[in-house]
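Chemist: This structure is in structure tokens; I'll ask about it shortly.
The values are calculated or read from the model by the stated rules, or taken from the named source; none is laboratory data. Keep in mind that this is a model prediction, so the values were computed, not measured. Here the Cβ is made from the backbone with ideal geometry for all residues, glycine too, and neighbour counts use every protein chain on show. Heads up: the accessible areas ignore ligands, DNA and RNA and are worked out on the full protein's heavy atoms, side chains in. Shrake-Rupley method; radii C 1.70, N 1.55, O 1.52, S 1.80 Å.
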Amino acid sequence: MSNEPVEPEDGEEVENEESLDPKIAHHSTYIDETKRILQTYVECGSYEELERRVVEGNILNKNTDEYRTNILREVTRRHIPDKEEYTETPLMQVITSEVRSDVIDWCLYYEFAQDPFIRLVTTDFLYPEFERGTLSVQAVDIVEFIESIQENYADLRDRSESTINEAATKYLTALRNFGLLEGTQRKEFAVTYIPDETIAYVVYRLFQKDVNSASEIIEHDDWKLFLMNESEVQRRIRDISPQYVNYEKRGSTQRLVRKHDSMEDLIDAF
């Protein structure tokens, strides 16, 4: 599904109904806190107990109840699908497994970047800039992009200039924190290597989203979140075959089959 703005016809204003609230860019990425909270959630198997440990037990070692509550609320909004019923996600399984920290961090980034605002800015602005050879980006570049699509999204249309500026700055900081960018005022594209395990994680997550054919997976926009083009995706999927998948390409025909029946089995194999 394309995220490109829809052009109105005959003067009629067309609104994209997808939620594009930039609030996720107004908070810290909370990388360490997220890992600690999700690990604790899996340990206790109860949101109520998790809340008690975070707020009252202060497992995050933060100064005030309000700050602890705000962090928990933000991590919950991003990564805990149901407060009433315990639900263990693939990300939680990765975080509680004995895998390298870089694998966990890139899987966490992938899930973080599923937020519609982060996803749209990355796939529709940052990735094209990277592909055309741009060396660095600044907040003003993000602001200009947001303003260019602002009328197409109700969540953005009435946002103030200061809100858009803050969202742009926090977006760039978030991607720097995850390692996709580097630098202070002017953010440069970092030299990154996405671990094989994270490549496999994304492939299996796409299968979970009913993206089933080899070509659909290789061409999927999710790879743009890692600034990867189709040829690089194809090469990396070949790298994880046959350990995590079976991938074959003969002429124009491609075949991609999972080696494991579930995400849990895959993560156990890391």
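Chemist: Quick check: is even one residue across the stretch 160-175 in contact with an Asp or Glu (Cβ under 9 Å, 6 or more places away or on another chain), open to solvent by 40 Å² or more (accessible area, probe 1.4 Å) and either modelled with pLDDT of 95 or more or among the basic types (Lys, Arg) (or both)?
Modeler: Within the stretch 160-175, not a single residue is in contact with an Asp or Glu (Cβ under 9 Å, 6 or more places away or on another chain), open to solvent by 40 Å² or more (accessible area, probe 1.4 Å) and either modelled with pLDDT of 95 or more or among the basic types (Lys, Arg) (or both).
Chemist: Would you point out the residue of the stretch 36-54, among those that are open to solvent by 20 Å² or more (accessible area, probe 1.4 Å) and in contact with a Leu (Cβ under 7 Å, 6 or more places away or on another chain), that is nearest to Phe270 (Cα to Cα)?
Modeler: First, pick out the residues of the stretch 36-54 that are open to solvent by 20 Å² or more (accessible area, probe 1.4 Å): 36, 39, 42-49, 51-53.
From the residues that got through so far, the ones that are in contact with a Leu (Cβ under 7 Å, 6 or more places away or on another chain) too are 36, 44, 51.
Details: Arg36: 20, Cys44: 24, Glu51: 30 Å.
The qualifying residue nearest to Phe270 (Cα to Cα) is Arg36.
Chemist: Do we have any residue at all in the stretch 72-80 that's modelled with pLDDT of 95 or more, closer than 23 Å to Ser262 by Cα and not in a helix (DSSP H, G or I)?
Modeler: yes
Chemist: Related question: Restricting attention to the stretch 105-122, report how many residues are open to solvent by less than 10 Å² (accessible area, probe 1.4 Å) and not in a helix (DSSP H, G or I).
Modeler: Residues that pass the stated criteria total 1.
Chemist: Would you confirm, using the coordinates I've provided, whether Thr96 is surrounded by 15 or more Cβ atoms within 10 Å (Cβ to Cβ), more than 15 Å from the chain's Cα centre (by Cα) and of a type outside the set (Gly, Ala, Ser)? Step through it out loud before you land on a result.
Modeler: Values: surrounded by 15 or more Cβ atoms within 10 Å (Cβ to Cβ): yes; more than 15 Å from the chain's Cα centre (by Cα): yes; of a type outside the set (Gly, Ala, Ser): yes.
For Thr96, the condition - surrounded by 15 or more Cβ atoms within 10 Å (Cβ to Cβ), more than 15 Å from the chain's Cα centre (by Cα) and of a type outside the set (Gly, Ala, Ser) - is met.
Chemist: Could I ask something else about it? Run down Tyr47, Tyr110, Tyr67 and say which single residue is more than 21 Å from the chain's Cα centre (by Cα) and under 22 Å from Ala174 (Cβ atoms). Please lay out each step first, then the result.
Modeler: Details: Tyr47 fails: under 22 Å from Ala174 (Cβ atoms); Tyr110 fails: more than 21 Å from the chain's Cα centre (by Cα).
Result of the check over Tyr47, Tyr110, Tyr67: Tyr67.
Chemist: Any residue at all in the stretch 57-67 that's surrounded by 13 or more Cβ atoms within 10 Å (Cβ to Cβ) and touching a residue at least 40 places away in the same chain (Cβ under 8 Å)?
Modeler: no
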